[in-house]
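Working notes for the structure below.
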Amino acid sequence: MARSRIVITGLGGLCGLGTSAPAIWEAMRAGRSGIGEITTAPLYELKVRVGGEIKQLPEHGIEKKRLVTMDRYSLLAILAAGEAIAQAGVRVDEANAARIGAAIGTGIFGAETIEDNYRGLFLEGRSRANIFAVPRIMPSAPAGQVSMAHGLRGPVFGVTSACASSNHAIALAADQLRLGRADIMVAGGTDAPLAYGVLKGWEALRALARETCRPFSADRDGLVIGEGAGVAVLETYEHATARGATILAELAGSGMSADASDIVSPTIDGPAAAMQACLAEAGLRPEDVDYVNAHGTGTKANDEIETAAIRRVFGAHADRLSVSSTKSMHAHCMGASGGLEMIACVMAIREGLVPPTANFREKDAACDLDVTPNIARPREVRAAISNGFAFGGTNAVLAFRAA
């Protein structure tokens, strides 16, 4: 039995670079960083006060009685999903709602709600938590809220695997289509971790950059946390062409693995295995891939290990790859990162332009790939892969190609 081709017909996103997928891509093309001082969240005595922050959300018209039931990360998912559904030209009605689902990944939880409740209970002397605290913070909340906001009654579920959550969600959504459980899936990730408690935890890990994110640069000193959401509309090629949809790119395959080693320290073996599995499922040879959107967090260990893993998988072709980390611009948006990086891969294929690794200053002998420093580069991108590697040693890699 032939394996169904899965295509992307809509994209939606928002992060510190912009509040729509076109705005995000335009900033990436320009190599413009969305990282700066966090101004909208109370940070108290935190030492590191930079992040990839959405300064102002777009007008959305969601009723207040709905807004009180959701944390910020659910709202971001709803907005990104709405943009993707609109671009895909999908009209949800009674006839098709049961055949449209959503898989939304998240790496943290409802940080805004947790922060408010803990401060209220422990510092301000409140006697009770917010009545919607539990449904606001559950990891499946964004998927449920997307389904309610857009009337989706097919398979709906949350996915959580730390920083690989978006990629896992997109891969699992494609499975629903191939299994015939849905005709259309809305898939991606969301996170809003710019809260005091979350950032305090990252501060304790000593993983945060002091100024900005400089992936692969010898003077890099850590990652920067950001917020955002990135979502795609997925459907089979047959379904998309039957309804006359514009196909943006093909989701050619995915690969997953686990390091089974250490809760925070990555290995070369796990990421390499995920990339190899992704290429095999996509039917791609290493030399077929032109662009790798790297996990590229800007920490010393991650960037060196990812470089070594890419070299293991691609061999001599590694020297001909264009590689970049768009986290240098949108920051590490946790469970949303893969969704935002999907936008980068799809648009790189469509426009023949590789987005840069911004903020790059100094070559590192241990990161000896062509990391597209600072300036976007014209290049025909026939196929691209997006790496997602997470704490816990969970790895998920997606492959995209021109449709």
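The values are calculated or read from the model by the stated rules, or taken from the named source; none is laboratory data. Bear in mind that the values here come from a model prediction, so they are computed numbers and not experimental data. Here the Cβ positions follow ideal geometry from the backbone for every residue, glycine too, while neighbour counts run over all protein chains shown. Each accessible area value is taken on the protein alone, full model and side chains, heavy atoms only, with ligands, DNA and RNA left out. Shrake-Rupley method; radii C 1.70, N 1.55, O 1.52, S 1.80 Å.
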Taking the Cα centre of the chain as the origin, how large is its charge dipole in debye, to the nearest 20, when only Lys and Arg (+1) and Asp and Glu (-1) carry charge on their Cβ atoms? 500
Net charge near Cys333 (other residues with Cβ under 11 Å of its Cβ; Lys, Arg +1; Asp, Glu -1) is -3
Show me 68-74, 124-130 ranked by packing, highest mean number of other Cβ atoms within 10 Å first. 68-74, 124-130
Dimensionless Rg over Rh [the chain; C-alpha; Kirkwood]: 0.95
Rounded to 0.05, the calculated FRET efficiency for the beta carbons of Glu45 and Glu351 at R₀ = 45 Å is 0.55
What ranking do 202-209, 250-257 get when scored by the average of other Cβ atoms within 10 Å per residue, highest first? 250-257, 202-209
Can you pull the percent of segment 1-156's accessible area that's carbon plus sulfur, 1.4 Å probe, other chains left in place? 55
With unit charges on the beta carbons (Lys and Arg positive, Asp and Glu negative) and the dipole taken about the Cα centre of segment 66-136, which residue among Leu75, Ala98, Phe132 sits farthest to the positive side? Phe132
Taking Cα pairs closer than 8 Å and at least 6 residues apart, the relative contact order of segment 182-264 in percent is 35
Peptide ranges 43-52, 387-396, 295-304 listed from the most packed, as the mean C-beta count within 10 angstrom indicates: 387-396, 295-304, 43-52
Taking the DSSP beta bridges in the chain as the whole, what percent of them are antiparallel, to the nearest 5? 65
At 1.4 Å probe radius, can you tell me the per residue accessible area of the chain in Å²? 39
Explain nothing, just compute: Karplus ³J(HN,Hα) = 6.51 cos²θ - 1.76 cosθ + 1.60, θ = phi - 60°, for every residue of segment 167-180 in order, whole Hz, x for Gly and Pro. 5, 5, 4, 5, 5, 6, 5, 4, 4, 4, 5, 5, 7, x
Length-normalised contact order of the chain in % [C-alpha pairs under 8 Å, at least 6 apart]: 23
Based on alpha-carbon atoms only, what is the radius of gyration of segment 111-155 relative to the globular estimate 2.2 N^0.38 Å? 1.47
Quick one: pull the percentage of alpha-carbon pairs in segment 290-373 with a separation above 23 Å. 15
Segment 177-335 - percent of accessible surface contributed by carbon and sulfur, probe 1.4 Å: 52
What are the ³J(HN,Hα) couplings of segment 63-76, residue after residue, when phi is run through the Karplus curve with 6.51, -1.76, 1.60 and θ = phi - 60°? Round to Hz, x for glycine and proline. 5, 4, 5, 7, 4, 5, 8, 10, 7, 4, 5, 6, 4, 4
In Å³ and rounded to a whole number, note down the convex hull volume per residue for the Cα atoms of segment 224-376. 123
Would you grab the residues whose amide H sits under 5 Å from the one on Gly10? Only those 5+ places off in sequence or on another chain, please, with H modelled 1.01 Å from N. Val233
